[in-house]
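The values are calculated or read from the model by the stated rules, or taken from the named source; none is laboratory data. All values derive from a computational prediction rather than experimental measurement. Don't worry about glycine lacking a Cβ; one is built from the backbone with ideal geometry, like all the others, and counts go over all protein chains shown.
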Amino acid sequence: MQVQVKADRIELLKFSTPAMRAFHITWMAFFLCFFSWFGIAPLMPVVRAEFGFTKDQVGWCIIGSVALTTVARLLVGWLCDRVGPRLTYTGLLILGSLPVMGIGLAHNFTTFLFCRVLIGVIGAAFVITQYHTSQMFSDRCVGTANATTAGWGNFGGGVTHVVMPLLFAFFVSTLGVSPASGWRASMFVAGVTCLVMGVAYFFFTQDTPAGDFRDLRTATASKAATRGTFWLAFRDLRVWGLFAAYGLCFGVELTIDNVAAMYFVDHFPELGSGNIDPVRALSIAGLCASVFGGMSVFARTLGGYAADRCGNAWGFSARVKWLFFVLFCEGLLLMLFSQMRGLYAAIPALMLCGLFVHMAAGATFAVVPFVNRKALGSIAGIVGAGGNAGAVMSGLLFKSDALSWPSAFFLLGTVVTLGSFSSLLITDRASEVASEQSRAGAKGSRRRDTEVANAIISG
């Protein structure tokens, strides 16, 4: 659906316009989704001790947390094109809150994994966030708007590593409940926040600057126009190039969000020596892990803003080259982080790595709105699913008994560095078409000139 009267700039202190209202509510909704999606991650050392999970079982939990999100993102992208982001987001938040609260009922590995997989559905919120801001903001600032709402939402992945251990400590140390009850109560609180936000999203947003999809006078035409958009996106090789690029950045982000707390506890003697209280060790590990997610507050915006500036100055290809650059640097920094053996060296290395991971994610979705506007929801869904596909593949590295986790990080960095070159294959179809038309016009002109010359000669 193409709607004019989009906002040309981001006015952070303004809440009265539909665009800025959607801007703020989308990032807050995504923040809570990310917070709930990875709320269990910093509590996994407690869960692992309670259930006696093996490394293989922990690996399946990492993979399970992102596996179903791949399918969910494809579905919600299609739904955004059909019914609009407002209803899609409302339904996702309300339904997604149920497994977040329900994981507290888990009593063994099977039931825990089942709930962990279902919680992954809430990660599809990202696609709706990007779709909604793309509907509200013009080409001049859409990359920045997309990157900022996603980045501030992703910050939930950093905050959850701080807040959930503190919430757990409150239940255990202050209220005196058992650790088994403490992590369950913490997840219930996270689920309730998503439920409340789902209701708020319904009442305080609209689909476009002109109103909701169903209320627009062009609703019938728009519904017809959305038929076949998924296959239109599916056939476009540029979409799959962006799918791969997002897997190399957001897939890494999801993996680090899942494993960071356990990685710090298990691989740094400052926290895992046994000389520190387990509850305090969990809080410190969560704080260390949070520096990665914390970078999303500004880094993803920086990636999208830089892409907008490059695109406005030098065109579509400049956006793609910026994406390549940040992906390449991300891979190198992942390899650097894998070699850190001291806590005080690992934290700044993780921060620097997080800077480029989040910038790459912002740069990816600064390209997405320019691929094919007729299938924006489906493209956002496919590219968003690429992030989760990348996370599933990354999770296999951390599940393997043949690899230590530092080795897994190094190998992951190598894959990202080499894979970054694939982003250079993303081209501007509009420029190609114009070039083809120009060549065709030139051939036609030469043909006409030849025909005229022959006519003159024969005459």
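Couple of notes before you dig in:
- Restricting attention to the stretch 259-276 and to residues that are more than 20 Å from residue 414 (Cβ to Cβ) and in contact (Cβ under 8 Å) with a residue 24 or more places away in the chain, the residue that is nearest to the chain's Cα centre (by Cα) turns out to be 261.
- Identity of the residue in the stretch 17-49, buried (at least 24 other Cβ atoms within 10 Å of the Cβ) and hydroxyl-bearing (Ser, Thr, Tyr), that ends up farthest from residue 287 (Cα to Cα): 26
- Just one of (1) closer than 19 Å to residue 398 by Cα; (2) touching a residue at least 60 places away in the same chain (Cβ under 8 Å) fails for residue 39. It is (1).
- Of the helices (runs of 4 or more DSSP H) contained entirely in the stretch 237-347, those carrying at least 1 residues that are closer than 24 Å to residue 154 by Cβ and aliphatic (A, V, I, L, M) fall at 237-267, 278-294, 299-314, 316-338.
- Residues in the stretch 147-156 that are modelled with pLDDT of 90 or more and of a type in the set (S, T, N, Q): 148, 149.
- Of everything listed in (1) touching a Phe, Trp or Tyr at 6+ places or on another chain (Cβ under 8 Å); (2) at pLDDT 90 or above; (3) in a helix (DSSP H, G or I), the single unmet condition for residue 230 is (2).
- Residues of the stretch 178-210 that turn out to be outside any helix (DSSP H, G or I) and either modelled with pLDDT of 95 or more or hydroxyl-bearing (Ser, Thr, Tyr) (or both), as a count: 3
- Where helices (runs of 4 or more DSSP H) fall wholly inside the stretch 1-96, the ranges with 2 or more residues that are at negative phi, of a type outside the set (Ser, Thr, Tyr) and in contact with a His (Cβ under 9 Å, 6 or more places away or on another chain) are 18-37.
- Counting only residues that are charged (D, E, K, R) and within 21 Å of the chain's Cα centre (by Cα), the stretch 326-343 holds 1 of them.
- Close pairs from the stretch 49-63: first free of Cβ contacts under 8 Å to residues at least 12 places away in the same chain, partner of a type in the set (A, V, I, L, M) and crowded, with 20+ Cβ neighbours inside 10 Å, Cβ under 7 Å, at least 6 apart: none
- Scan of the stretch 137-171 for residues that are closer than 24 Å to residue 12 by Cα and of a type in the set (Gly, Ala, Ser), ordered by number: 138, 143, 145, 147, 150, 151, 153, 156, 157, 158
- For the stretch 277-291, the criterion of being surrounded by fewer than 23 Cβ atoms within 10 Å (Cβ to Cβ), without any contact (Cβ under 8 Å) to a residue 12 or more places away in the chain and farther than 21 Å from residue 397 by Cβ is met by at least one residue.
Yes/no matrix, rows are residues, columns are (1) within 16 Å of residue 40 (Cα to Cα); (2) surrounded by 21 or more Cβ atoms within 10 Å (Cβ to Cβ); (3) in contact with a Cys (Cβ under 8 Å, 6 or more places away or on another chain):
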| position | (1), (2), (3) |
| --- | --- |
| 60 | yes, no, no |
| 71 | no, no, no |
| 80 | no, yes, no |
| 98 | yes, no, no |
| 112 | yes, yes, yes |
| 117 | yes, no, no |
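- Subset of the stretch 107-151 (residues that are of a type in the set (Phe, Trp, Tyr) and over 21 Å from residue 66 (Cβ atoms)): 137
- Annotation: of all residues in the stretch 100-139 being assigned to a loop (DSSP other than H, G, I, E, B) and within 22 Å of the chain's Cα centre (by Cα), the one that is nearest to residue 85 (Cα to Cα) is 138.
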